[in-house]
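Have a look at this one before I ask anything.
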Amino acid sequence: MQKTLILGSSSPYRKMLLERLKMPFECHTPDINEERLNEESAEQLVKRLSINKALKIDQERREHGPQKKALIIGSDQVATLNGRVLGKPHSEKNAIKQLEAFSNQKVSFLTGLCVYNQQSQHYSYELSEYHVYFRKLTHKEIVNYIKIEQPLDCAGSFKCEGLGISLFEKMEGNDPNSLIGLPLISLCKLLREQGVNPIAIN
């Protein structure tokens, strides 16, 4: 029997990525505090938030009474520059500032992924790292890019699946999907461990 699959995110980018697996799923938005704790590393932050998102949806479903047990996907991502954790820009001014700092630099993206099984009440977790090497950018290029693509809700102030690719010198990592927000290679592995295989559905 096919398990119910829930994506714990309101991100249109994660939704778009999960749709590639051609499996039915629901989207629920977990209401959690995403602020970074004092002295919390980037790795600790994305792990805590990924797991907490899945657990919050589990809690909300249980509070609404008996429902079909689901596999819940929680994910979170941060960008880091020289060990400093960076958030989403939310404004053109902040986006310009971020990209100016990225010019001629290596920026690392850490994406946490949790799959929580409501039946067994256990979760699996994996961390995906992806690195982007930015070429030397001019101020005019940065301003023009931000105006064209408006990546204000994206960690790192760019959309690699769009015009953001023009900012890079090279990319490095195991799964480029993790840069968009959901590491599909790791997700497929964790789903197979739960008996769900996108290419073996009866």
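Working from the pairwise distances between different alpha carbons, so that the mean of 1/r is found and then inverted, what is region 105-202's Kirkwood radius in Å? Please list the in-between numbers first.
Numbers: mean 1/r = 0.0651 Å⁻¹.
Result for region 105-202 stands at 15.4 Å.
Expected output is a single nm value to one decimal: the length gained when fully extending between Glu60 and Leu152, i.e. 0.36 nm times separation in residues minus the C-alpha distance. What is it?
Numbers: separation 92, 0.36 × 92 = 33.12 nm, distance 2.96 nm.
Contour length minus the Cα-Cα distance gives 30.2 nm.
Continuing with the same structure: Which order results if His64, His131 are arranged by neighbouring Cβ count within 10 Å, fewest first?
On the way: His64 8, His131 14.
Going from sparsest to densest Cβ surroundings: His64, His131.
Excluding Glu169 itself, what net charge comes from residues whose Cβ is under 13 Å from its Cβ, given Lys and Arg +1 and Asp and Glu -1? Could you put the intermediate results ahead of the total?
On the way: positive: Lys106, Arg135, Lys136, Lys170; negative: Glu172.
Spelling it out: positives minus negatives among the neighbours equals +3.
Then there is this: Taking R0 as 25 Å, what FRET efficiency do you get between Glu43 and Glu92 from their Cβ-Cβ distance, rounded to the nearest 0.05?
For Glu43 and Glu92, the calculated efficiency is 0.25.
In whole angstrom, how far apart do the alpha carbon centroids of region 149-170 and region 21-85 sit?
23
While we're looking at this one, here's another question. For a paramagnetic label modelled at 7 Å from the Cα of Asn82 toward its Cβ, which residues of region 37-62 fall within the zone defined by backbone nitrogen distances under 18 Å?
Correct set: 42.
At 7 Å along Cα-to-Cβ for each site, give me the label-to-label distance between Tyr133 and Glu19 in nm.
Calculated label separation equals 3.4 nm.
Now for a different question. Sorted from fewest to most neighbouring beta carbons within 10 Å, what does the list Thr111, Thr29, Thr138 look like? Mind showing how you got there, number by number?
Details: Thr111 26, Thr29 13, Thr138 10.
Lowest count first: Thr138, Thr29, Thr111.
Compute the helix-to-body angle for 139-149: its Cα long axis versus the longest principal axis of the chain, expressed 0 to 90° and rounded to tens.
Long axis of 139-149 versus the principal axis of the chain: about 30 degrees.
Let me ask you something else. Does anyone have the angle between helix 184-193 and the longest principal axis of the chain? Alpha-carbon axes, 0 to 90°, nearest 10?
The angle comes out at about 20 degrees.
Another question, then. Answer with one residue from Gly156, Ser128, Thr111: the one whose Cα lies farthest towards the positive end of the charge dipole of region 80-202, charges on Cβ with Lys, Arg +1 and Asp, Glu -1.
The residue sitting most towards the positive pole is Gly156.
Give the Kirkwood hydrodynamic radius (Å, one decimal) of region 49-180, defined as one over the mean of 1/r across all pairs of different Cα atoms. List each step's numbers first, then the result.
Numbers: mean 1/r = 0.0618 Å⁻¹.
By the Kirkwood definition, the hydrodynamic radius is 16.2 Å.
Between their Cα atoms, which of Lys69/Lys170; Lys88/Lys170; Lys56/Lys159; Lys93/Lys170; Lys68/Lys88; Lys22/Lys68 are more than 32 Å away from each other? Each step should come with its number before you reach the end.
Working: Lys69/Lys170 42 Å; Lys88/Lys170 22 Å; Lys56/Lys159 28 Å; Lys93/Lys170 25 Å; Lys68/Lys88 35 Å; Lys22/Lys68 21 Å.
In this structure, Lys69/Lys170; Lys68/Lys88 lie more than 32 Å apart at Cα.
In debye, nearest 20, what is the charge dipole magnitude of region 52-202 about its Cα centre with +1 on Lys and Arg Cβ and -1 on Asp and Glu Cβ, if you could check? Provide the component values of the computation, followed by the final result.
On the way: 19 positive and 16 negative charges, 30 e Å.
In debye, rounded to 20, region 52-202 gives about 140.
Computed FRET efficiency, Cβ-Cβ of Gln105 and Glu35, R0 30 Å: what is it to the nearest 0.05?
Details: r = 26 Å, r/R0 = 0.85.
After rounding, the FRET efficiency stands at 0.70.
Order these by the 10 Å Cβ neighbour count, fewest first: Cys114, Cys27. Numbers along the way, then the final one.
On the way: Cys114 25, Cys27 15.
Ordered by Cβ neighbours within 10 Å, fewest first: Cys27, Cys114.
Right, another one. Pop out the ³J(HN,Hα) list for region 24-30 in order, Karplus 6.51 cos²θ - 1.76 cosθ + 1.60 with θ = phi - 60°, rounded to Hz; leave Gly and Pro as x.
The phi angles translate into x, 7, 10, 10, 10, 9, x Hz.
A short reminder: the numbers here are calculations on the coordinates, not readings from a lab. Everything quoted here is computed from the prediction, not taken from an experiment. With ideal geometry, Cβ positions are generated from the backbone for all residues, glycine too; neighbour counts draw on all protein chains shown.
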